[in-house]
Amino acid sequence: MGRKVRDASLETRNARLKLPTGGKPRWRLLEPGLHLGYRRPKDGKGSGTWIARRYIGQGAYQEKRLGIADDFTDVDDYSAVVGDERAVKTFSQAQEEARSWWRGERRKDLGLSGDGGPYTVRTACADYLKHYAAEGGKSTYTVNLSIKIHILPALGDLEVAKLTTRKLRDWHHGLAAAPRRLRTSKFAKVQKTRAFRPDDEEEKRSRKATANRILTVLKAALNFAYHERYVANADAWRAVKPFKKVDAPVIRYLSSDECRRLVNRCPEDLRQIVRA
């Protein structure tokens with residue numbers, strides 16, 4: 001849901017009834033490229049109507065009738081049904097309706113479904129994957145696998161606008177604590193994993209590095225949704241920080257005793273090379 005805008009000439013019925021009748025609507029900018037308009041009837045009788053318009057390029061706009069203004073009828077007396085052009089709506093409800101219509105039309109522009117349901121993480125990931133492939137992304141398979149295995153099962157059905165930093169951080173830390181997945185037959189009922197050894201510093205580093213890579217994929221999908229204006233705020237995931245200093249593997253050198261045992265176990269023809 002976008003930020004509610006204020007307009008003294010449109011917020012109240014008394015203010016709207018002072019506007020000129022007929023002619024062009026009174027427009028109020030909601031987002032770059034999106035306006036909410038109000039038009040009074042030509043005869044000055046009856047309620048005005050809410051209209052939305054969006055810029056489609058080359059000086060042209062697409063308009064959409066949203067409903068009837070609550071000039072004379074309280075909304076409680078006539079339910080403000082989403083998408084109903086006959087429903088009575090307040091200034092605030094008209095804003096929500098305009099933004100919902102705008103998001104749907106933008107999805108159609110991208111060749112996606114224009115449904116007006118909640119914009120979920122699953123939808124955001126699908127939108128991002130399509131954009132990533134269209135831009136010539138070189139790791140489409142890996143990105144798709146990360147989304148399918150690690151993101152959608154835990155977060156897929158959550159609405160993007162309702163994500164919280166704590167929820168995302170807990171998910172990110174959970175990835176780091178999860179055992180590594182092993183290759184498993186697609187016919188197997190249970191996914192094979194390797195036992196996680198919390199006392200193994202290299203394994204902990206490796207799992208944190210993997211969690212960071214998956215977090216990067218999720219952030220890319222959510223940032224795409226934000227830049228496409230399907231969600232109004234990106235603070236929830238921007239506050240989730242990756243684990244630090246986990247990308248480079250830990251190099252451990254063999255001790256003198258380990259070197260001696262290694263050389264002794266080598267065949268004679270290899271021993272000289274290993275010793276060198």
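Accessible area, 1.4 Å probe, largest first: how do Phe91, Phe243, Phe72 sort?
The ranking, largest first, comes out as Phe72, Phe243, Phe91.
If you roll a 1.4 Å probe over the chain with all protein chains in place, what percent of the accessible area is carbon or sulfur?
51
Quick one: if the Förster radius is 30 Å, what FRET efficiency do Val5 and Glu105 give, using the C-beta to C-beta distance and rounding to 0.05?
0.95
Note the full-extension length gain between Asn14 and Lys241 as 0.36 nm times their separation in residues minus their Cα-Cα distance, in nm to one decimal.
Here the segment from Asn14 to Lys241 would lengthen by 76.8 nm.
As a quick test, which of the pairs Lys162/Lys219; Lys138/Lys241; Lys208/Lys241; Lys89/Lys162; Lys130/Lys208; Lys64/Lys89 have an alpha carbon distance above 18 angstrom in this structure?
The pairs that break the limit, which is 18 Å between Cα atoms, are Lys138/Lys241; Lys89/Lys162; Lys130/Lys208.
Please give the helix 201-227 orientation as an angle from the longest Cα principal axis of the chain, in degrees from 0 to 90, rounded to the nearest 10.
Compared with the principal axis, the helix lies near 20 degrees.
If you plug each phi of segment 8-25 into the Karplus form 6.51 cos²θ - 1.76 cosθ + 1.60 with θ = phi - 60°, what whole-Hz ³J(HN,Hα) values come out, in order, with x for Gly and Pro?
Karplus-based 3J(HN,Hα) across segment 8-25 equals 4, 8, 10, 5, 10, 5, 5, 5, 5, 5, 8, 6, x, 8, x, x, 6, x Hz.
Rank by packing, highest mean first: peptides 130-137, 159-166, 58-65, with packing defined as the count of other Cβ atoms within 10 Å averaged across residues.
Packing proxy ranking, top to bottom: 159-166, 130-137, 58-65.
For the Cα atoms of the chain, what angle does the longest principal axis make with the long axis of helix 121-134, in degrees from 0 to 90, nearest 10?
On a 0 to 90 degree scale, this one is about 80.
Just to confirm the number: angle between the C-alpha axis of helix 165-177 and the first principal axis of the chain, 0 to 90 degrees, nearest 10?
20
When ligands, DNA and RNA are left out and all protein chains stay put, how many square angstrom of accessible area per residue does the chain have with a 1.4 Å probe?
Heavy-atom SASA per residue in the chain reads 63 Å².
Here are some values of P(r) over Cα pairs in 10 Å bins from 0, in percent: [x] 7, 31, 37, 20, 4, 0; [y] 6, 20, 25, 24, 17, 8, 2, 0, 0; [z] 6, 21, 22, 17, 13, 10, 5, 3, 2, 1, 0. Which one was computed from this structure?
The listed entry that was calculated here is [z].
Summing -39500 (n - 2.57) over the DSSP H runs of n ≥ 4 in the chain and dividing by its residue number, what mean residue ellipticity at 222 nm do you reach, to the nearest 500 deg cm²/dmol?
-12000 deg cm²/dmol
Using a simple spin-label model with points 7 Å from Cα along the Cα→Cβ vector, what separation in nm is obtained for Leu29 and Glu258?
6.4
Quick check: pseudo-label points 7 Å beyond the Cα along Cα→Cβ at Glu63 and His131, how many nm apart are they?
Once both label points are built, they end up 3.1 nm from each other.
The values are calculated or read from the model by the stated rules, or taken from the named source; none is laboratory data. This structure is a prediction, so every number in the text was calculated from the model and none was measured. No Cβ is skipped: glycine too gets one built from the backbone with ideal geometry, and neighbour counts run over all protein chains shown. SASA here: full protein model, heavy atoms, side chains in, ligands and nucleic acids out. Shrake-Rupley method; radii C 1.70, N 1.55, O 1.52, S 1.80 Å.
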